[in-house]
1. Using a Förster distance of 35 angstrom, determine the FRET efficiency expected from the C-beta separation of THR118 and ALA98, and round it to 0.05.
2. Fewest to most neighbouring Cβ within 10 Å: what's the order for LEU17, LEU72?
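Every number in this text was worked out from the coordinates using simple rules, so none of it is lab data. Note that the structure is a prediction, hence the values are computed from the model and not measured. No Cβ is skipped: glycine too gets one built from the backbone with ideal geometry, and neighbour counts run over all protein chains shown.
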Amino acid sequence: MEISFNTPAILFPAISLLMLAYTNRFVALASLARKLHDEYGNQESKALLVGQIRSLRKRINYIRYMQGFGVLSFLLCVICMYSIYSGWMDAAKMVFAASLVSLLVSLFISLIEIIQSTRALELELSDVEGLVEENLFSQFLKKTKGDDKK
């Protein structure tokens, strides 16, 4: 496979937009964390709030790792471009592959965070409705577990 200077440069806008989306999610979670902290001090029934705070802590950690792997992917793209510039094509190919793997890990963690976010919303709605709605993933898992029993 031939790799040119433009190959890693193609990822720059994608990674930049991804990092912007991750940052927006982080800012929203930071705002929610402050709001839940204020509510925790004022609310008598804290069971639902504790569940929300636990979920929020997980999501913040996921976003930390999403951002970390996204930044790593971006840095590896820069190193790849420098390697191409220096004529180190074998190193450039390996670094570019590592950059793609890092981006893939970031996206996978993003998917996990989205699932966690959905669960957090279900927890919030359970207080209003008195029940937790099933999502696509829980329905799929329930069907596959039912198929295993047959």
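1. Efficiency for this residue pair is about 0.70.
2. By the 10 Å Cβ count, ascending, the order reads LEU17, LEU72.
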